[in-house]
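Participant: Before I ask anything, here is the structure I am working with.
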Amino acid sequence: MKVIKFGGSSSASAERIKSIIEIVKPSLSGDVSLVFSAFGGVTDQLIHLSSLALAGDNEFKKILTALEARHLETVRSLLPVNTQSGVLAQVKIQFNELENVLQGVCLVKERTTRTLDYIMSFGERLSAYIISEAFKAEGLDVEFLDARDVIRTDTHFGYAKVDFEITNRLIQQHFKHHTSTQIITGFIGSTEGGETTTLGRSGSDYTAAIFAGALQASSLEIWTDVDGMMTADPRLVKKAFPVPELSYEEAMELSHFGAKVIFPATMKPAMEHQIPIWIKNTFNPEVRGTKISASYTNGKLIKGISSMNNISLLNVQGSGLVGVVGVSMRLFSSLASEKINVILISQASSEHSICIAVESGVAKLAKKLLEKEFSHEIREALIDEVSVETDLSILAIVGDSMQHHPGSSGRMFNALGKNGINVIAIAQGSSERNISAVVRQADIAKAVNVLHDAFFLSDTKTINLFLIGTGLVGGTLLQQIQQQAKKLLTDHHLDVRLIGLANSKKMFFQMDGIDLSQWKAALSQSSQSMELTSYVDTLIQLNMPNSILIDCTSSEEVTKLYEQALAASISVVTPNKKANSASHEQYVQLKSLAKKSGAKFLYETNVGAGLPIINTLNDLLLSGDRILKIEGVLSGTLNFIFSSFNGEKAFSTIVKEAKEKGYTEPDPRDDLSGMDVARKILILARETGASLELSDISVQNLVPEDCQSAQSIDEFFTQLQQHDQYFDSLLQTATSKNEKLRYKAIVENNKAFSDNIILITTERYRERPLVVRGPGAGAEVTAAGVFADVIRIGNYSN
């Protein structure tokens, strides 16, 4: 015997019912029984109808009429015209009966759980009956079975408990005398007195398991709308995939913590009789699905990640708990008196506190019960007032292979910590099959994605980028990422995605990643105007794992976002020198925030574009070396200008060419003023530990006085032409002395200044200073340096 159950989504329309018939036809030659839920969405509609009737709202009649029309239309679509009349008549009779019940609720303004169960039963009674007639119309030997005739329960309406001794006997007797394939109503049963009951959440799955257990079935198949039990909720994790096999215990743990494909009650009859459970997809029947059984193949360290939202944490603490026998018994007894389910428990070994997780809907009642139970201790200040923390979620990683496997919890909490996700409470059973953690509900999607990457895609990390600035450097960076993306994914297991994009006018976000070949069109067509506060707020609200804010502007305003991003555990990568050359206090604050939050603040391109200057300097310091002096030509821009300035072209022409090549800052005066070099040498000085301000730097400004006040870049170049003769004279003077024009910066004895000649002299490199040399300006090398910082963060996230 094989028992097959189809859910509401599988039978939501006539076309889907026809698909079901095709799926099960091959099995009908054997011994098989079919269990059906109500048509998709009908149970919720029935509950809604009863609520409207209870409120005296006659709108329920219109909705009831539409619901009846849906069922009648399904009959007409499934059955030949010559067989419809009897079935249509029976459906109308049931809807007349349902209307009478709802009218009664409306008149007496009362809806007991008994009445609600009866109202809800119409969903399965109608669907199974209509589907059985559809099978018959195909010439198949089937028979409709109302499960109320064989499933006996107690009178706990809404979640009735099955009397298995009587139920198993009735099922076996029924099947002994009925050889046709049975099409069975899910979800419902009846009391000894014949009153209709329901079996609770996912009751149709439970119905199928009850029949499978009673008939000692060879397998139980549950057909739904997913390809099996998934590694995580696919609504949260786009990369989730089906798990081929699970043990009963693993499936039980996952279902307890929110995996809605199968529910704990369904497992019990199957576990008791060792019946394999298959989870299959009605919309993709060729897929193998998930097999749940006692004998399974071990694979991944964990099999799945599940989560529950709308959780509250109640904390009972105080010296009155320490060493006192019976505290836990009193706590759980008081909650049990009102049937409050405790989902998670965590107690410190000091016995000073106990925290429990419950559904948020019962948190106030739970607090009231606990404070009543411990009123004496609270009054005597032996126990604090019970505190309640809301807006929480529970996530759990589940897998039999975690037993006696060191490092599972370390990997879990390391992944969460690196992404700034605070763990509020932890629980793990002695079976080591489940590690559960309570986190903020706002963090749940991020947390589940982080753990899914850590355990299922440990070889691949997704890096989510949010770029501000799409000029020469930003645009070149996107081009480089596009060119390298496939190699990074294939060879280095880094999946780099652009999620947010902004220039000075517009911003654009796309959760599943912006097509890098179409980013210009996406940004230009965006309806969102660029607003810095809104941009960073969106970045934080998206709360995506491994997020990086990239600032490819020279804007001081953008740097004001860094603190907010770092505080939210979002890494920052930037070639923009304004933040690190602002006040020393801000420099220290940014470094401190990055360290505290676990995020990275990388700015290698602040000095020397793509040259490894800052990393080299930090490596020297970390290894215990002492910096004696740093000197060099730190401006690739000025080096290009003065190297090209040989008398063949005017100085102003060379400066303009440098800007066109992307070598200068957006405003070349930032370079010629010496402030760009001053900022760079200041940053290097600060990296060595010097507490200097920009005002401490002595700077020679190369911008003529009248050019400094030019209102636009074009006006600046016009005025600069008038000073070409002055720069020619400087060149001639240097040439006459067999010298060259260069702009040099030096740090020595914790002092920094800029001058007219990059060497790093340390205690270890005293005789022959360390030389870092290469292109120090240009969009290509600067973008490459930014890209390298992004990859460093990706590798750190591993």
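This table checks each residue for (1) modelled with pLDDT of 90 or more; (2) of a type outside the set (Lys, Arg); (3) closer than 15 Å to Leu672 by Cβ.
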{"site": "Leu692", "(1), (2), (3)": "yes, yes, no"}
{"site": "Ser695", "(1), (2), (3)": "yes, yes, no"}
{"site": "Gln700", "(1), (2), (3)": "no, yes, yes"}
{"site": "Ser712", "(1), (2), (3)": "yes, yes, no"}
{"site": "Leu720", "(1), (2), (3)": "yes, yes, yes"}
{"site": "Asp724", "(1), (2), (3)": "yes, yes, yes"}
{"site": "Ala734", "(1), (2), (3)": "yes, yes, no"}
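For (1) more than 40 Å from the chain's Cα centre (by Cα); (2) in a helix (DSSP H, G or I); (3) of a type in the set (A, V, I, L, M, F, W, C), each residue gets a yes or a no:
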| site | (1), (2), (3) |
| --- | --- |
| Val35 | no, no, yes |
| Asp57 | yes, no, no |
| Ala69 | yes, yes, yes |
| Ser77 | yes, yes, no |
| Lys92 | yes, yes, no |
| Phe95 | yes, yes, yes |
| Glu99 | yes, yes, no |
| Gly104 | yes, yes, no |
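Participant: Then there is this: Picking from Ile444, Ile421, Ile397, which residue would you name as being modelled with pLDDT of 90 or more and within 18 Å of Glu250 (Cβ to Cβ)?
Facilitator: Answer to the check: Ile397.
Participant: Of all residues in segment 242-254 being under 20 Å from the mean Cα position of the chain (by Cα) and either within 20 Å of Leu392 (Cβ to Cβ) or part of a loop (DSSP other than H, G, I, E, B) (or both), which is modelled with the lowest pLDDT? Write out each step before concluding.
Facilitator: Residues of segment 242-254 under 20 Å from the mean Cα position of the chain (by Cα): 242-243, 254.
Checking which are either within 20 Å of Leu392 (Cβ to Cβ) or part of a loop (DSSP other than H, G, I, E, B) (or both) leaves us with 243, 254.
Working: Val243: 90, Leu254: 83.
Among those that are under 20 Å from the mean Cα position of the chain (by Cα) and either within 20 Å of Leu392 (Cβ to Cβ) or part of a loop (DSSP other than H, G, I, E, B) (or both), it is Leu254.
Participant: Then there's this: Filter segment 138-159 down to residues that are small (Gly, Ala, Ser) and modelled with pLDDT under 95, then give me how many there are.
Facilitator: Qualifying residue count, segment 138-159: 2.
Participant: Among the residues of segment 240-259, is there at least one that is out of contact with any Pro (no Cβ under 6 Å at 6 or more places or on another chain), surrounded by fewer than 21 Cβ atoms within 10 Å (Cβ to Cβ), closer than 17 Å to Ile4 by Cβ and acidic (Asp, Glu)?
Facilitator: no
Participant: Now a separate question. Taking only pairs six or more apart or across chains, which ones have beta-carbon atoms under 9 Å, a first residue in segment 487-515 that is under 22 Å from Phe456 (Cα atoms), and a second residue that is crowded, with 22+ Cβ neighbours inside 10 Å and hydroxyl-bearing (Ser, Thr, Tyr)?
Facilitator: That search, which allows pairs on different chains as well, returns Leu494/Thr462; Asp495/Thr462; Val496/Thr462; Arg497/Thr462.
Participant: Go through segment 771-798 and give me each residue that's modelled with pLDDT of 90 or more and in contact with a Lys or Arg (Cβ under 9 Å, 6 or more places away or on another chain).
Facilitator: Asp789, Arg792, Ile793
Participant: Find all pairs meeting these conditions: Cβ atoms under 6 angstrom apart; at least six residues apart or on different chains; first residue within segment 544-570 and farther than 14 Å from Asp443 by Cβ; second residue surrounded by 19 or more Cβ atoms within 10 Å (Cβ to Cβ) and of a type in the set (Phe, Trp, Tyr).
Facilitator: So the pair list comes out as Leu549/Phe466.
Participant: Within segment 406-414, identify whether any single residue is out of contact with any helix residue (DSSP H, G or I) (no Cβ under 7 Å at 6 or more places or on another chain), closer than 18 Å to Asp495 by Cα, assigned to a helix (DSSP H, G or I) and modelled with pLDDT of 90 or more, and answer yes or no.
Facilitator: The answer is no; no qualifying residue exists.
Conditions (1) in contact with a strand residue (DSSP E or B) (Cβ under 7 Å, 6 or more places away or on another chain); (2) within 14 Å of Ala447 (Cβ to Cβ), marked per residue:
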{"site": "Ser360", "(1), (2)": "yes, no"}
{"site": "Ile394", "(1), (2)": "yes, yes"}
{"site": "Gly407", "(1), (2)": "no, no"}
{"site": "Phe413", "(1), (2)": "no, yes"}
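Participant: At least 1 residues that are surrounded by 17 or more Cβ atoms within 10 Å (Cβ to Cβ) and among the small types (Gly, Ala, Ser) in each: list the strands (runs of 3 or more DSSP E) lying fully within segment 418-497 that qualify.
Facilitator: 425-428, 434-440
Participant: Given the conditions (1) part of a loop (DSSP other than H, G, I, E, B); (2) surrounded by fewer than 20 Cβ atoms within 10 Å (Cβ to Cβ), which single one is not true for Ala599?
Facilitator: (2)
Participant: While we're here: Pairs, please: C-beta under 6 Å, at least 6 apart or cross-chain, first residue within 20 Å of Glu253 (Cα to Cα) and in segment 338-367, second in a helix (DSSP H, G or I) and open to solvent by 20 Å² or more (accessible area, probe 1.4 Å)?
Facilitator: Ile340/Val362
Participant: Any residue in segment 7-33 that's open to solvent by 70 Å² or more (accessible area, probe 1.4 Å): show its pairings with residues that are of a type outside the set (S, T, N, Q) at Cβ separation under 6 Å, as long as the two are six or more apart or on different chains.
Facilitator: Note: pairs meeting the criteria are Asp31/Met1.
Participant: Ok, one more. I want to confirm something. Restricting to segment 744-770 and keeping residues that are open to solvent by 90 Å² or more (accessible area, probe 1.4 Å) and within 18 Å of Ser643 (Cβ to Cβ), which single residue is modelled with the lowest pLDDT?
Facilitator: Applying the filter and picking the extreme gives Asn756.
Participant: Testing Gly326 on (1) open to solvent by less than 50 Å² (accessible area, probe 1.4 Å); (2) closer than 30 Å to Leu220 by Cβ, one condition comes back false. Which one is that?
Facilitator: Going through the list (1) open to solvent by less than 50 Å² (accessible area, probe 1.4 Å); (2) closer than 30 Å to Leu220 by Cβ, Gly326 breaks only (2).
Participant: So, one more: Kindly establish whether Ser409 is under 20 Å from Leu254 (Cα atoms), within 26 Å of the chain's Cα centre (by Cα) and surrounded by 19 or more Cβ atoms within 10 Å (Cβ to Cβ).
Facilitator: No: the conditions fail for Ser409.
Participant: While we're on this one: Any idea which of (1) over 25 Å from Ile613 (Cα atoms); (2) assigned to a loop (DSSP other than H, G, I, E, B); (3) open to solvent by less than 40 Å² (accessible area, probe 1.4 Å) is the one Asn576 doesn't satisfy?
Facilitator: With (1) over 25 Å from Ile613 (Cα atoms); (2) assigned to a loop (DSSP other than H, G, I, E, B); (3) open to solvent by less than 40 Å² (accessible area, probe 1.4 Å) applied to Asn576, the lone miss is (1).
The values are calculated or read from the model by the stated rules, or taken from the named source; none is laboratory data. As the structure is a computational prediction, the values presented were derived from the model and not from experiment. Don't worry about glycine lacking a Cβ; one is built from the backbone with ideal geometry, like all the others, and counts go over all protein chains shown. These area figures cover heavy atoms from the full protein model, side chains too; ligands, DNA and RNA do not enter into them. Shrake-Rupley method; radii C 1.70, N 1.55, O 1.52, S 1.80 Å.
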